[in-house]
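What follows is calculated from the coordinates using simple rules that are stated; it is not laboratory data. Just so it is clear, the model here is predicted, and its values are computed rather than measured. Heads up, the Cβs are rebuilt from the backbone with ideal geometry, glycines too, and the neighbour counts pull from every protein chain shown.
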Amino acid sequence: MMGGTLELQTTNIEQEVRNYLTEGFLFGRREALNEDTPLLGNVIDSQGMIELVAFLQQRFNIEVGDEEVTTENLATLKTVVALVEKKLQSRA
């Protein structure tokens, strides 16, 4: 099978995070968010960042440390997905 579980997982993670951001912050406007759209200032503010981290921790059962809540890790949909993947892999 091509791609394997990791690829499927990435797609699922991205879909979940995209849905959360679209529903919670963009009033359902999916076209306003692609994987490279800067989140802070465009999609979420600092309070939204806190809510996003809380969502990630609860939904994916991961622990995001204060030192990981950075503008680099939470810059775009792509970087958020990468952070979640890294946390899930380090748990395995």
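7 Å from Cα along Cα→Cβ at both Q15 and F27: what's the point-to-point distance in nm?
2.7
Report the full-extension gain for the segment Q89 to Q57: residue separation times 0.36 nm, less the Cα-Cα distance, to one decimal in nm.
Extra length from Q89 to Q57 when fully extended: 10.1 nm.
Using helices alone, I'd like the mean residue ellipticity at 222 nm for the chain: each DSSP H run of four-plus residues gives -39500 (n - 2.57), total over residue count, nearest 500.
So the calculated ellipticity at 222 nm is -19000 deg cm²/dmol.
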